[in-house]
1. Show me the helices (runs of 4 or more DSSP H) entirely contained within region 68-186 in which 1 or more residues are out of contact with any Cys (no Cβ under 8 Å at 6 or more places or on another chain) and among the basic types (Lys, Arg).
2. Quick check, is LEU113 touching a strand residue (DSSP E or B) at 6+ places or on another chain (Cβ under 8 Å), closer than 21 Å to ASP70 by Cβ and not charged (D, E, K, R)?
3. Please work out if LEU189 is part of a helix (DSSP H, G or I), without any contact (Cβ under 8 Å) to a residue 40 or more places away in the chain and either surrounded by fewer than 21 Cβ atoms within 10 Å (Cβ to Cβ) or not small (Gly, Ala, Ser) (or both).
4. Criterion first (closer than 14 Å to ASN121 by Cβ and of a type in the set (D, E, K, R)) does LYS208 satisfy it?
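Every read-out reported here was derived from the displayed coordinates using simple, explicitly stated rules and does not represent laboratory data. Every value quoted in this text rests on a predicted model; they were computed, and no experiment measured them. Ideal geometry is used to build each Cβ from the backbone, glycine not excepted, and the neighbour counts take in all protein chains shown.
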Amino acid sequence: MELFDVHTHQGNLTNTIYNLKPNLIPPDSGNYSAGLHPWFLDANWKNKLEEIIKLADDQRFLAIGEAGFDRLRGPEIVLQKEAFAAQAELSYRLGIPLILHCVKGHDLLLEFLKSSSKIPNIIWHGFNQKIHLAEQLLEFPVYFSFGKALLQPESNASQWLKACPLHRIFFETDDSSLNIHSIFNAASLILGLSVNQLQHQVVYNWNKISNRKIHE
């Protein structure tokens, strides 16, 4: 079974969403996401966004991202907020999810969620925050993608996965060299559900929140 990896930087894999490098050149085959990562934002971000918009009709283009907030590495917050809002609008318009990068920006995300009338479905990738922060997001269309932190039983990610509604979960390898099977296996042990059940769940979850469907 080819397990669904919602966010990876590993190329040449199947049943994944490959995150494009900043040059925004799509792979020859397979699905991908494209976005303006806060690490690489500059004053010319609107020109880069136009390059992303040109990809909009490609049905392999499944998600906007990574997009988001980073207080440790990135330009001034005003610029990050503007770029995020523009990408969120594109995500909402296309009916595809936004893959969120968020480092010490939980408050900025909440500010956006509480002030915007057009909120796309947002998948917080590599989620490893405390449970009370996650719970604040449940009233909004925010979903949680779990990665290598699940291999640590006491991690925030492992604790939140136990409490997170099943219809909000996804799994990923991100920039690690791990196989997605290891992430699913860790989740299976935490939740007491089979890998097959989890695969069915994440495919169902994706197809509920995206206009661009995937298949098992």
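1. Here the list reads 77-94, 106-115, 156-163.
2. yes
3. Yes; evaluated as a whole, the condition is true for this residue.
4. Yes: the conditions hold for LYS208.
Here's the yes/no breakdown for (1) of a type in the set (A, V, I, L, M, F, W, C); (2) assigned to a strand (DSSP E or B); (3) in contact with a helix residue (DSSP H, G or I) (Cβ under 9 Å, 6 or more places away or on another chain):
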position	(1), (2), (3)
LEU3	yes, no, yes
GLY11	no, no, no
ASP28	no, no, no
TYR32	no, yes, no
ASN47	no, no, no
LEU55	yes, no, no
ALA63	yes, yes, yes
